[in-house]
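J.: Please read through the structure below; I'll follow up with questions.
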Amino acid sequence: MRLTRQEFLKLSGAGLAGATVLGTLGCGGDGGSGGEGLVFTSYGGSFQRAQEKAWLKPYSKETGTEIRQDSPTDYTRLQDMVENDKVVWDVVDVGNDFGLESTADLLEPLDYSVIDKGPILEGYASKYRIACMLYANVLAYNTDQVEGTPRSWADFLDTQKFPGRRGLHKVPSETLEVALLGDGVLPKDLYPLDVDRALGKLDTIKDQIVWWEDAARSQQQIAKGDVALISAWNGRMQTEIDAGAPVNIQWNQNLQTADYLVVPKGTSRKDEAMKLIAYCVSGENNYRLSDYIEYAPINKESIPKVDPQVAPQLPTAHRDVGVTYNAQWWDNHREAVENRFYKWVTS
């Protein structure tokens with residue numbers, strides 16, 4: 001599971017555990033954490049399997065580079081590796097809450113003489129991280145539970161118009177944005193977040209909220225009708241739709257953000273890590289992730305290469321009605337806002 005920055009800081013004293021290698025791709029090496037080649041770390045499950053099929057296996061085949069895998073991404077382990085000079089991860093997939101100023105001292109600057117950031121969507125490439133895919137927080141609803149079509153987050157928050165329980169992620173990030181958009185705040189005025197206003201709006205539906213803390217639970221909630229409407233990630237909701245669940249997605253006001261690739265500071269394979277990242281985010285290869293999971297390319301040259309049958313299910317097809325998540329604002333304010341949010345949740 002992803003740790004928030006607050007959890008990461010609380011756990012920063014934990015000891016370094018050895019890497020648990022999931023598998024070895026390519027040629028040579030012994031597959032252990034001390035072997036040759038690269039170690040790629042991500043969040044496991046269907047997402048990491050998709051990354052393996054889309055990028056890691058083809059890269060190994062084309063270059064002969066051995067790639068070993070580990071999971072899940074754990075910020076505490078990464079910190080301990082760097083601070084104890086025992087770095088065994090080379091390329092790490094991280095969430096939108098990592099790789100900015102607060103964690104920059106744990107990472108190598110990316111080599112943009114190797115990685116082409118020119119075609120990357122604006123705002124998704126910076127000194128220490130580059131996005132590898134785009135995803136969205138969307139409004140989804142159970143068609144057996146809901147009469148009519150919710151059109152916006154205002155409808156999500158209107159329990160008179162659309163009765164039933166609401167599923168929300170038990171974190172302030174994205175949840176507060178949903179509350180403010182539902183209260184009429186325009187996307188251009190969303191940041192800095194008005195936390196008081198957001199919590200006040202959530203108060204109006206507090207007795208109808210069913211929290212989810214992991215993405216699999218969000219899928220179960222909406223598919224089984226435990227909630228009528230939910231704020232959740234588009235890939236997880238599309239999985240339920242594809243499985244035949246009575247679920248629809250409303251893309252209006254979808255909140256768009258990304259996962260990123262970073263290189264831990266002190267890796268002995270920095271040059272090879274940069275080459276692998278360049279491959280994953282390139283116009284030639286970035287789109288292939290969408291063949292295996294409903295996350296969108298971040299490279300503008302790769303977007304047109306997506307399977308036409310898949311493209312309408314991706315955030316890139318709905319950027320005109322989307323809202324861009326401000327990761328920098330959260331990096332500057334996360335701890336204070338989290339303290340207020342969790343106090344509100346338990347009050």
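J.: With within 20 Å of the chain's Cα centre (by Cα) and closer than 25 Å to Thr324 by Cα as the only criterion, which of Leu229, Leu255 stands out? Explain how you work it out, then say what you get.
T.: Details: Leu229 fails: within 20 Å of the chain's Cα centre (by Cα).
Matching residue, one of Leu229, Leu255: Leu255.
J.: Taking the condition in contact with a Leu (Cβ under 8 Å, 6 or more places away or on another chain) and hydrophobic (A, V, I, L, M, F, W, C), does Leu289 pass? Talk me through it step by step, then tell me what you get.
T.: On the way: in contact with a Leu (Cβ under 8 Å, 6 or more places away or on another chain): no; hydrophobic (A, V, I, L, M, F, W, C): yes.
When the stated conditions are applied, Leu289 does not pass them.
J.: A further question follows. Quick one: how many residues across the range 182-209 are surrounded by 19 or more Cβ atoms within 10 Å (Cβ to Cβ) and under 19 Å from Lys343 (Cβ atoms)? Before you say what the answer is, go through the steps one by one.
T.: Taking the range 182-209 and keeping what is surrounded by 19 or more Cβ atoms within 10 Å (Cβ to Cβ), we get 182, 185, 190, 193, 198-199, 201-202.
With under 19 Å from Lys343 (Cβ atoms) added as a condition, the list becomes 193, 198-199, 201-202.
Going through the range 182-209 one residue at a time, the tally reaches 5.
J.: Is there any pair with a first residue in the range 168-188 that is touching a residue at least 24 places away in the same chain (Cβ under 8 Å) and of a type in the set (Gly, Ala, Ser) and a second that is part of a loop (DSSP other than H, G, I, E, B) and buried (at least 17 other Cβ atoms within 10 Å of the Cβ) whose Cβ atoms are under 6 Å apart and which are 6 or more apart or on different chains, and what are they?
T.: Gly182/Leu157
J.: Would you check if Val178 is under 21 Å from the mean Cα position of the chain (by Cα), among the hydrophobic types (A, V, I, L, M, F, W, C) and over 22 Å from His318 (Cβ atoms)? Walk me through it before giving the result.
T.: Working: under 21 Å from the mean Cα position of the chain (by Cα): yes; among the hydrophobic types (A, V, I, L, M, F, W, C): yes; over 22 Å from His318 (Cβ atoms): no.
Criteria not met by Val178.
J.: Only one of (1) in a loop (DSSP other than H, G, I, E, B); (2) under 15 Å from the mean Cα position of the chain (by Cα) is not met by Ala131, so which one is it?
T.: The single condition Ala131 does not satisfy is (1).
J.: Could you grab me the full set of residues in the range 307-327 that are part of a helix (DSSP H, G or I) and in contact with a helix residue (DSSP H, G or I) (Cβ under 8 Å, 6 or more places away or on another chain)? Walk me through how you get there before you give the answer.
T.: Restricting attention to the range 307-327, the residues satisfying the condition of being part of a helix (DSSP H, G or I) are 311-313, 315-321, 327.
Result: Ala311, Gln313, Pro315, Thr316, Ala317.
J.: Right, another one. May I ask you to list the residues in the range 271-302 that are closer than 30 Å to Leu181 by Cβ, in contact with a Gly (Cβ under 9 Å, 6 or more places away or on another chain) and either assigned by TED's automatic domain parsing to the domain that holds Gly235 or not aromatic (Phe, Trp, Tyr) (or both)? Let's see the steps before the verdict.
T.: Looking only at the range 271-302, we keep the residues that are closer than 30 Å to Leu181 by Cβ, and these are 281, 286-287, 289-290, 293-300, 302.
Then keep just the ones that are in contact with a Gly (Cβ under 9 Å, 6 or more places away or on another chain); that gives 293-295, 297, 299-300, 302.
Passing the criteria: Ile293, Glu294, Pro297, Asn299, Lys300, Ser302.
J.: Taking into account only those residues within the range 135-181 that are closer than 30 Å to Asp97 by Cβ and of a type in the set (Phe, Trp, Tyr), which is surrounded by the fewest Cβ atoms within 10 Å (Cβ to Cβ)?
T.: Only one residue tops the list, namely Tyr135.
J.: Residues to consider are Ala245, Ala215, Ala223, Ala232; find the one that is buried (at least 23 other Cβ atoms within 10 Å of the Cβ), assigned by TED's automatic domain parsing to the domain that holds Tyr141 and touching a helix residue (DSSP H, G or I) at 6+ places or on another chain (Cβ under 8 Å). Working first, answer last.
T.: Details: Ala245 fails: buried (at least 23 other Cβ atoms within 10 Å of the Cβ); Ala215 fails: buried (at least 23 other Cβ atoms within 10 Å of the Cβ); Ala223 fails: buried (at least 23 other Cβ atoms within 10 Å of the Cβ).
Matching residue, one of Ala245, Ala215, Ala223, Ala232: Ala232.
J.: Let me ask you something else. For the list (1) in contact with a Gly (Cβ under 6 Å, 6 or more places away or on another chain); (2) not assigned by TED's automatic domain parsing to the domain that holds Gln51, I need the number of the one condition that Trp251 fails.
T.: It is condition (1) that Trp251 fails.
J.: Something else now. Could you tell me how many of the residues in the range 152-181 are under 18 Å from Arg340 (Cβ atoms) and part of a loop (DSSP other than H, G, I, E, B)? Before the answer, list the steps.
T.: Of the range 152-181, the ones under 18 Å from Arg340 (Cβ atoms) are 168-180.
If we keep only those that are part of a loop (DSSP other than H, G, I, E, B) as well, we get 170-174.
So the answer is 5.
J.: Something else now. Can you spot a residue in the range 93-101 that is of a type outside the set (Gly, Ala, Ser), part of a helix (DSSP H, G or I), out of contact with any Asp or Glu (no Cβ under 6 Å at 6 or more places or on another chain) and crowded, with 22+ Cβ neighbours inside 10 Å?
T.: Checked the range 93-101: no residue is of a type outside the set (Gly, Ala, Ser), part of a helix (DSSP H, G or I), out of contact with any Asp or Glu (no Cβ under 6 Å at 6 or more places or on another chain) and crowded, with 22+ Cβ neighbours inside 10 Å.
J.: Within the range 288-306, can one find any residue that is without any contact (Cβ under 8 Å) to a residue 40 or more places away in the chain, surrounded by fewer than 20 Cβ atoms within 10 Å (Cβ to Cβ) and assigned to a helix (DSSP H, G or I)?
T.: yes
J.: Those residues that are within 18 Å of Tyr59 (Cβ to Cβ) and in contact with a helix residue (DSSP H, G or I) (Cβ under 6 Å, 6 or more places away or on another chain), I need them from the range 296-305; list them, please.
T.: Pro297, Asn299, Ser302, Lys305
J.: Separate question: Name the residue, out of Pro58, Pro72, that is under 17 Å from Ala273 (Cα atoms), at pLDDT 85 or above, surrounded by fewer than 20 Cβ atoms within 10 Å (Cβ to Cβ) and not hydroxyl-bearing (Ser, Thr, Tyr). Spell out the reasoning first.
T.: Numbers: Pro72 fails: under 17 Å from Ala273 (Cα atoms).
Going through Pro58, Pro72 in turn, the sole match is Pro58.
J.: To continue, here is another question. Identify the residue in the range 102-111 that is in a loop (DSSP other than H, G, I, E, B) and touching a strand residue (DSSP E or B) at 6+ places or on another chain (Cβ under 8 Å) and, among all such residues, is surrounded by the most Cβ atoms within 10 Å (Cβ to Cβ).
T.: Residues of the range 102-111 in a loop (DSSP other than H, G, I, E, B): 108-111.
Then keep just the ones that are touching a strand residue (DSSP E or B) at 6+ places or on another chain (Cβ under 8 Å); that gives 108, 110.
On the way: Glu108: 19, Leu110: 23.
My answer is Leu110.
J.: Among the residues of the range 308-328, count how many are surrounded by fewer than 15 Cβ atoms within 10 Å (Cβ to Cβ) and in contact (Cβ under 8 Å) with a residue 12 or more places away in the chain. Give the derivation first.
T.: As a first pass, look at the range 308-328 and keep what is surrounded by fewer than 15 Cβ atoms within 10 Å (Cβ to Cβ): 308-309, 312, 320-321, 328.
If we keep only those that are in contact (Cβ under 8 Å) with a residue 12 or more places away in the chain as well, we get 321, 328.
Count: 2.
The values are calculated or read from the model by the stated rules, or taken from the named source; none is laboratory data. Quick caveat: nothing in here was measured; it's all calculated off a predicted structure. When we count neighbours, we look across all protein chains shown, and the Cβ atoms used for this are built from the backbone with ideal geometry, even at glycine.
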